[in-house]
Amino acid sequence: MLQSREKGIQGMGETEDRARRKHEHIAAVKSLPDVGGTGFADVRLLPRSAPEIDVDQVSLGTELLGRHLASPIIINAMTGGTEESGRINATLAAFAKRHGLAMAVGSETAALQSADASASYTVVREINPDGVVIANLGMGVDIERSLRAVELVGADFLQIHWNAAQEMFMAEGDRRFRGFLERLSGLQKATPVPIIAKEVGQGMTGPSARQFIDAGANAVDIGGLGGTNFIAVEAWRRHQPLEEEWLRWGVPTAASLGEVAAELQGKSPIVASGGIRTGHDVVKALVMGATAVGIAGPLLRLAAEPDGDQRLDQWLAEIHETMRMLHVLMGAATISEVGDQPAIVGGSTGDWLELRGYGEYRRKLARRGR
Ligand code: FNR
């Protein structure tokens, strides 16, 4: 099987090769489970016995990089470049529009190389002309291409993804990673929209986030370990057995968020992502210091169903209901009040933060409101 796939790769042009890769990413994410172990089970929120607010007082609206969002949930970067991904993007864009969600498109390299591929991205802006749309490109991109990627989808922000592990697990992936931070600095000066430096599921440490911000990123998306795992996805594509330890490579999402929140101290927005699946995960992330949360894999699976629209709506209604209940139970009417609530970070996530020198953040979080 592997042999026939490899032969296919050699016989194909770059565009077809990329199209097949996009298709295989979708197929892999549909069949692979989340890697698990985000660490959010180590995070406990604290109830307020007399909440003194009503459920219908709760507002889930928030701000990210100067734009208003009806919900802190962002449809994170996934796909584009093929007919199949165009259909998925159209479904997700309509979902984003119905609920005022921000949406990122998948890496736009395909659209920059072939005009045929661009419709599967531009559909997102066509369907949702007034929504918040986020462009996406890989690390090390040049200024000209980044400007085109922003323009193509009329983007409000630009995500630049850092995915070295994925690249090295791809037969056709990059092996050279020098000089990309410097390029980010140049990009920041030339690009008209805010830049979000993004991981894709291996997680960011505090110092990595600091490097991105110092190089000019306006925000970070921590892309933590625990949800979709691109090392597993690439091994699946190549039909290769994977050494178990690779599934633990990276920073679990809760530890990553703790590190990055402690490091950035509220000075730059943080998008928490990587295995965020429930209303509890979302609220825990907001309490720990996230401005918004990104979700990818589950939305792809729902959008690909024949009744995708209804399923997506139902999924969001359930998450929002849990979020509203937790707001009330903590006595917080708004997302910004949620960000002032206490949390106990215990277990291995607590140990992680202590050992990494982020104990003060953890103690402050526990003592809020006392
Ligand atoms: C992704 N992701 C991604 N990220 C990115 O920056 N550019 C991209 O092109 C893609 N492509 C992509 C395809 C598919 C099918 C999936 C599921 C995901 C990564 C994504 O944005 C996110 O960082 C991770 O998937 C982790 O979040 P979840 O899936 O655990 O919620």
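For the reader, a short list of remarks on this structure follows.
- A Gaussian network model of the chain, with springs between Cα atoms under 10 Å, assigns the largest mean-square fluctuation among Ala190, Ala28, Ala219 to Ala190.
- Charge tally for Asn218 (other residues, Cβ to Cβ under 15 Å; Lys, Arg +1; Asp, Glu -1): +1.
- Probe 1.4 Å, accessible area per residue of region 304-370, Å²: 55
- Rounded to 10°, Cα long-axis angle of helix 308-330 versus longest principal axis of the chain: 20
- Structure-based [θ]222 nm, the chain - -39500 (n - 2.57) summed over DSSP H runs of at least 4, per residue, nearest 500: -14500 deg cm²/dmol
- 10 Å binning of all Cα-Cα separations within region 299-356, expressed as whole percents from 0 upward: 20, 26, 29, 23, 3
- Computed over the alpha-carbon atoms, the chain gives an Rg to Rh ratio of 0.96, Rh here being the Kirkwood radius from the mean inverse distance.
- Projected label points at Glu172 and Asp351, each 7 Å from Cα along the beta carbon direction, are separated by 4.3 nanometres.
- Bins of 10 Å from zero: percent of alpha-carbon pairs in region 215-370: 10, 33, 34, 18, 4, 0
- Of the GluC sites (Glu not before Pro) in region 238-316, those whose Cβ has at most 13 other Cβ within 10 Å and which sit in DSSP loop: Glu243
- Taking every alpha-carbon pair within region 150-234, the share separated by more than 16 Å comes to 56 percent.
- Within the accessible surface of the chain, defined with a 1.4 Å probe on protein heavy atoms only, the carbon and sulfur portion equals 50 percent.
- For the residues Leu242, Leu299, Leu152, a GNM of the chain with alpha-carbon springs under 10 Å puts the largest fluctuation on Leu242.
- The residues of region 7-124 expose on average 45 square angstrom of accessible surface per residue, using a 1.4 Å probe on protein heavy atoms.
- Cβ-based net charge around Ala41, under 11 Å, with every Lys or Arg adding one and every Asp or Glu removing one: 0
- Most positive-pole-ward Cα, Ala155, Tyr121, Pro47, against dipole of region 39-167 from beta carbon charges: Pro47
- Here the chain is treated with +1 on each Lys and Arg Cβ and -1 on each Asp and Glu Cβ, and its dipole about the Cα centre works out to around 600 debye.
- Between 0 and 90°, nearest 10: helix 83-99 axis offset from the chain longest Cα axis: 20
- With both residues required to sit in the chain, DSSP beta bridges show an antiparallel share near 20%.
- Unit charges at the beta carbon, dipole of the chain: most positive-side option, Val328, Phe212, Leu32: Phe212
- Cross-link reach list, aspartates and glutamates versus Lys22, counting only Cα pairs under 18 Å and skipping chain neighbours closer than eight places: Glu6, Glu14, Glu83, Glu84, Glu108, Asp116, Glu167, Glu172, Asp174, Glu234, Glu305
- Taking only the Cα atoms of region 57-173, the ratio Rg/Rh comes out at 0.99, with Rh defined as the Kirkwood radius.
- Highest GNM mean-square fluctuation among Leu101, Leu225, Leu65, for the chain modelled with Cα contacts below 10 Å: Leu65.
- Take region 237-284 with all the other protein chains still there, run a 1.4 Å probe, and you get 43 Å² of accessible area per residue.
The values are calculated or read from the model by the stated rules, or taken from the named source; none is laboratory data. The model shown is predicted, which means the values in this text are computed figures rather than measured ones. Positions of Cβ are backbone-derived with ideal geometry, glycine not excepted, and every protein chain shown enters the neighbour counts. Surface accessibility is based on the protein's heavy atoms, side chains included, excluding ligands, DNA and RNA. Shrake-Rupley method; radii C 1.70, N 1.55, O 1.52, S 1.80 Å.
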